[in-house]
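The values are calculated or read from the model by the stated rules, or taken from the named source; none is laboratory data. Remember, it's a predicted structure, so these values are computed and weren't measured experimentally. We place every Cβ from the backbone using ideal geometry, glycine too, and count neighbours over all the protein chains shown.
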Amino acid sequence: MNYIDLHCHTTASDGLLSPTRLVESAAEVSLQTIAVTDHDSTEGLAEAIEAGARLGIEIIPGVELSCDVPAGELHMLGYFMDYHAPGFQAELQRLREGRIGRAEGMARRLTDLGYPVSFERIQELAGDGAIGRPHVAQALIEAGHVRSKAEAFDRFIGRTGPAYVERAKLSPVEACQLIRSVGGLPVFAHPLIVLMSGRALEPLPVDESLPDLVAAGLAGLEVYYPYYTPVHIDRLLALARRYNLLTTGGSDFHGAGSAGAPLGSIYVPRKCLTALQDARRVNNDQ
């Protein structure tokens, strides 16, 4: 039985469930602890924490920051940060504004390519959450230009697609430093991006990048993740031991019916949560 999911999204970014509904769904599958890790946003945390208190589920405050590297994009999770800090919120606002500009640019490019989508509709799909490429993909589906979000990314809005637009991002080192600056624990999200075919796609050489990230304050690696094979997990566990890093994991849940794993479907050993909580206490004592 799995009781922990340390990677979940809500409508505060590109998830399909409100923070309250996410917590209710966690209760329905007997989870005891979840981390709410929306993209470049902590807007859903207060509501999730309130729902967690009502339903007896521990809510770990988190965030997922997008980072730019020459070969692509990687993500950095932050846990237990003082997310109310004004400077931290100002940086998240800058990143969200970059998302809006990129979505508007993608809508223009798609229209120029002969596949018009409405930027206003993309905004409606995002609602109050941080706008992202999944919202652009959904607009493409509604307009009848593609049949799935995977097709939208493959044909148009993936990094090498004709409608791809860059946006404001942090470097991985900057993301670690930002999370540490507000007392958080930075964790390298899904270091091996794995397709459903089982092929690993690394946006940067993980082994080579870790010394610089550890020096910048990296606290852990996300080891347990959808589509990771035992070989992937063993490799990441070995790296965590080598660099004395925490290990975490989760479903990267975005909502029932979305692409990806169901909530709570990725087993995360309880010792991962215990070690994360211990590291938070050490952080607080320093």
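Restricting the range 135-154 to residues that are of a type outside the set (Val, Ile, Thr) and in contact with a Phe, Trp or Tyr (Cβ under 9 Å, 6 or more places away or on another chain) leaves a set whose member that is farthest from Leu16 (Cα to Cα) is His145. Residues that are under 16 Å from Glu64 (Cβ atoms) and in contact with a helix residue (DSSP H, G or I) (Cβ under 6 Å, 6 or more places away or on another chain) within the range 179-194 comprise Val182, Leu185, Pro186, Pro191, listed in sequence order. Looking at Gly56, Gly72, just one residue is surrounded by fewer than 24 Cβ atoms within 10 Å (Cβ to Cβ), on the phi > 0 side of the Ramachandran plot and at pLDDT below 95, and that residue is Gly72. Filtering the range 219-254 to residues that are under 17 Å from Pro269 (Cβ atoms), among the acidic types (Asp, Glu) and not in a strand (DSSP E or B) leaves only Asp234.
The single condition among (1) assigned to a loop (DSSP other than H, G, I, E, B); (2) under 26 Å from Pro19 (Cβ atoms) that Asn284 does not meet is (1).
Please determine whether any residue of the range 194-214 is touching a residue at least 12 places away in the same chain (Cβ under 8 Å) and under 18 Å from Tyr79 (Cβ atoms). Scanning the range 194-214, I find at least one residue that is touching a residue at least 12 places away in the same chain (Cβ under 8 Å) and under 18 Å from Tyr79 (Cβ atoms), so the answer is yes.
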